[in-house]
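Just below is one structure, and these are the notes that go with it.
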């Protein structure tokens with residue numbers, strides 16, 4: 001066993017490694033959110049604010065990726081709004097229904 005292997009087995013090394021992974025995950029999610037907001041701005045600028053609100057609540061990379069794909073492939077604004085409602089409802093169910101501010105948002109009305 002060399003010195004590097006011994007270092008890897010220390011608590012401080014493992015704690016630093018965990019912090020690095022958490023920061024990388026945070027950066028990745030932020031890049032994904034930014035990409036989605038750019039897609040929304042280009043295709044459906046009227047719903048960028050509710051999309052941002054929903055995107056900021058998403059911590060799971062798979063859910064964020066699902067939102068990007070569904071928003072990116074939406075045929076029109078009405079379908080994009082439906083996607084946002086579905087994701088919002090999923091988040092609300094996961095969070096125990098504490099999402100009243102988004103439900104009252106007039107941007108979710110289909111106009």
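Structure data summary
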item	result
Given (1) modelled with pLDDT of 95 or more; (2) under 23 Å from residue 93 (Cβ atoms), number of the condition residue 23 does not satisfy	(2)
Near pairs, Cβ below 6 angstrom, 6+ apart or cross-chain, from segment 43-57 (touching a residue at least 12 places away in the same chain (Cβ under 8 Å) and on the phi < 0 side of the Ramachandran plot) to any residue that is assigned to a helix (DSSP H, G or I) and loosely packed, with under 12 Cβ neighbours inside 10 Å	none
Helices (runs of 4 or more DSSP H) fully within segment 1-71 counting 2 or more residues that are surrounded by 12 or more Cβ atoms within 10 Å (Cβ to Cβ)	11-43, 48-57
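The values are calculated or read from the model by the stated rules, or taken from the named source; none is laboratory data. This is a predicted model, so every value here is computed, not measured. Heads up, the Cβs are rebuilt from the backbone with ideal geometry, glycines too, and the neighbour counts pull from every protein chain shown.
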